[in-house]
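See below for the structure under consideration.
The values are calculated or read from the model by the stated rules, or taken from the named source; none is laboratory data. In this text, all values refer to a predicted model and were calculated from it rather than measured experimentally. A quick note on method: Cβ atoms are made from the backbone with ideal geometry, for glycine too, and the neighbour counts reach across all protein chains shown.
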Amino acid sequence: MQLATIILAQLINGITLGGMYALIALGYTLVYGILLMINFAHSELFMSGAFVGLGVMTLLTSSTVASRVPALAPAQHFFAGSTFGIVCMLLIAFFVSMVVVGFEGVITERFAYRPLRHAPRLAPLISSVGVSLFLQNAVLLWISAGQVPFPNPLGQSTLFSIGGVDVSLLKVVIVVTAVVLLIALDTFISRSRLGKSMRATSQDREAAGLMGIDVNMSITAAFFIGPALGAVAGMFSGMYYGSVVYNMGFLPGIKAFTAAVLGGIGNLRGAMLGGFVLGIAEALASGFISTGYKDVIAFAILILVLIFRPGGLLGESVVEKV
């Protein structure tokens, strides 16, 4: 295989991986932008999204479920028997996963973070680690301790070829979805009333409250939207790798946090850019050095960026109070 073909193949893999990192990083940067805290439980919400999506897809397509609940058989025939049915099944699975994990994020904020809002900054950080361990062990004990197969209804079919490299439909869907969701989120934050309230809250919570803004609602919205986007990434991860496991969120979560810092923590567009840069760097390192060094290369890039540009590639989007 020619060098140019190898580079192109790794770039495509990196962009796909970067799309998933970017979706997770948006959740980190949303919460940090408003509360100036790192929600380490976000990686487990990403994992939860994968398992919720898997449950919905199994319910809508599994013959085993249909044999136990005959009333579901006609619906399952529809969802598994045609292209339109498969698309509808995926849309339902993504929607349910986003809503369930979004409310999971809201509940986490309400009971684990809100009581500590005026405590020293280390307290909510420790609380987020506790929530992360709780969610991880809940899936370990209640669902499975091993790898759980995850179906890919889109298949491995090639959508098109470029430069001798086949590009699958799944890779295109991952990248397009990530970009569309970023544009939708950026538009929502900049133009909607709730988005403007979130921006005001991120700048000065006390002043926003005095101006009549519902600060709790703004924070709740951030904890709903961020995990919902993470749930989308969780389902894509399951479809891309073919399986899910209870601790699958740890490493992608750390890398997504790295992507958020790389692009500029608190900056939505920076989180997206950081995700793609990190994904491409990791893919190129895997292809030309070794898969064992891909994580080393990725974090080395982060260290270099923090040394020479501490605010990230696009700058940290946090207002300095004087």
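Table for the structure above
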| quantity | calculated |
| --- | --- |
| Pairs where the first residue, in segment 117-130, is over 20 Å from S43 (Cβ atoms) and the second is modelled with pLDDT of 90 or more and among the hydrophobic types (A, V, I, L, M, F, W, C), C-beta under 9 Å, 6+ apart | R117/I219 |
| Unmet requirement for A22, which otherwise passes all of (1) surrounded by fewer than 23 Cβ atoms within 10 Å (Cβ to Cβ); (2) touching a helix residue (DSSP H, G or I) at 6+ places or on another chain (Cβ under 6 Å) | (1) |
| Some residue of segment 54-72 being hydrophobic (A, V, I, L, M, F, W, C), free of Cβ contacts under 8 Å to residues at least 60 places away in the same chain, in a helix (DSSP H, G or I) and closer than 24 Å to P252 by Cα | yes |
| Of all residues making up segment 248-295, the number that are of a type in the set (S, T, Y), out of contact with any Phe, Trp or Tyr (no Cβ under 7 Å at 6 or more places or on another chain) and in contact (Cβ under 8 Å) with a residue 40 or more places away in the chain | 1 |
| Members of segment 148-203 found to be surrounded by fewer than 15 Cβ atoms within 10 Å (Cβ to Cβ) and part of a strand (DSSP E or B), listed by number | P149, T158, L159, F160, S161, I162, D166 |
| Criterion violated by L141 - all others in (1) in contact (Cβ under 8 Å) with a residue 60 or more places away in the chain; (2) surrounded by fewer than 12 Cβ atoms within 10 Å (Cβ to Cβ); (3) in a helix (DSSP H, G or I) satisfied | (1) |
| From G105, G19, G14, residue being modelled with pLDDT of 90 or more and either farther than 30 Å from S197 by Cβ or in contact with an Asp or Glu (Cβ under 6 Å, 6 or more places away or on another chain) (or both) | G14 |
| Lone unmet requirement of (1) under 24 Å from V244 (Cβ atoms); (2) in contact (Cβ under 8 Å) with a residue 60 or more places away in the chain for N216 | (1) |
| Flag if M47 is under 30 Å from F223 (Cα atoms), part of a helix (DSSP H, G or I), touching a Ser or Thr at 6+ places or on another chain (Cβ under 7 Å) and not aromatic (F, W, Y) | no |
| Test: residue in segment 239-259 that is out of contact with any helix residue (DSSP H, G or I) (no Cβ under 9 Å at 6 or more places or on another chain) and either modelled with pLDDT under 90 or of a type in the set (F, W, Y) (or both) | yes |
| Test: residue in segment 32-54 that is farther than 24 Å from N137 by Cβ, under 17 Å from the mean Cα position of the chain (by Cα) and crowded, with 24+ Cβ neighbours inside 10 Å | yes |
| Verdict on V277 being closer than 23 Å to V131 by Cα, crowded, with 19+ Cβ neighbours inside 10 Å and either among the small types (G, A, S) or modelled with pLDDT of 80 or more (or both) | no |
